[in-house]
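The values are calculated or read from the model by the stated rules, or taken from the named source; none is laboratory data. These numbers come from a predicted model, not from an experiment. Cβ sites come from the backbone with ideal geometry, for glycine too, and all protein chains shown count toward neighbours. Side chains are part of the model used for accessible areas, which takes the heavy atoms of the whole protein and leaves out ligands, DNA and RNA. Shrake-Rupley method; radii C 1.70, N 1.55, O 1.52, S 1.80 Å.
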Amino acid sequence: MSPSISIVCHVESTAHESVCGKSLMSPIRLSSFSLASGINDLFFVGDGHQRIYNRKKAALSRCGVDIRGRSRKLYINYRTTDEIRKVALAYLEGCDIDDLDDGSDESKRYKSLSRGPAPVTSTFGNLEEASQCLIAWINDLTQGEERRWSTCVIASSKQLRDFAQQQVKQKGLKTEIVEANQSCQVVPDTIYFSTMHRAKGLEFDQVIVLSRQELLKKESDEGRKLLYVAMTRARRESRVIFV
């Protein structure tokens, strides 16, 4: 589980509405939950660090959902390692991280319980060099004990995802593209390929992020938050390739 803001409203029994992925919800959608409030009514879970759809940004209080004095923050990261978490958070430096209710959140108090190798980052000037590195890393990550671990290549665009998948498939490895609105049944002998947007909500043991360098140069925070989302899909190890 990534650093998360848990928002709990009168949850004392199972007679309540559960809402996951609050950061994806629009003001109109949130307002619909506030129309029939009562005891044991709502349970929200969200993560401002992963808010990649600014057009759907909504504040709970403005939508009639009162959480002040009734919410709790979870500062422990149960999914990814502390090494991955620190590097991923570095990409968010200077970004506005909202607390899902018209305020700002901070990142200093968050921590991970697991440890692992530090993420490796490589930058290349062309796709040919980047694909060679990608294949070498996949071979490295699928040897020995790691063969039992799930692996996903997460790209910054569909074009980059499809290019990477074809390069790896040509080497005789079993691959699968995770499309939008498609469930993903993860097995260790398959290399998965996803866009950063589609990867949100998924988990893998190992992740290789394949991104255009322009993602870091965007004026908005969206590109950096996408990198954060992509890196933190990994439970054990994360590597990054910029091209």
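For the stretch 74-209, the share of accessible area belonging to carbon and sulfur comes to 46 percent (1.4 Å probe, ligands and nucleic acids excluded). Restricting the GluC sites (Glu not before Pro) of the stretch 87-171 to loop positions (DSSP other than H, G, I, E, B) with no more than 11 neighbouring Cβ atoms within 10 Å leaves GLU93, GLU106. Please give the FRET efficiency for ILE76 paired with GLU145, using the beta carbon to beta carbon distance and R0 = 30 Å, rounded to the nearest 0.05. Using R0 = 30 Å, I get an efficiency of 0.70.
Order 180-190, 223-233, 131-141 from most to least packed using the mean count of other Cβ atoms within 10 Å. Don't skip to the end; give the middle numbers.
Details: 180-190: 10.5, 223-233: 24.8, 131-141: 16.8.
Top of the packing list down: 223-233, 131-141, 180-190.
In this structure, ARG109 and ALA136 have a Cβ-Cβ separation that, at R0 = 35 Å, corresponds to a calculated FRET efficiency of about 0.40.
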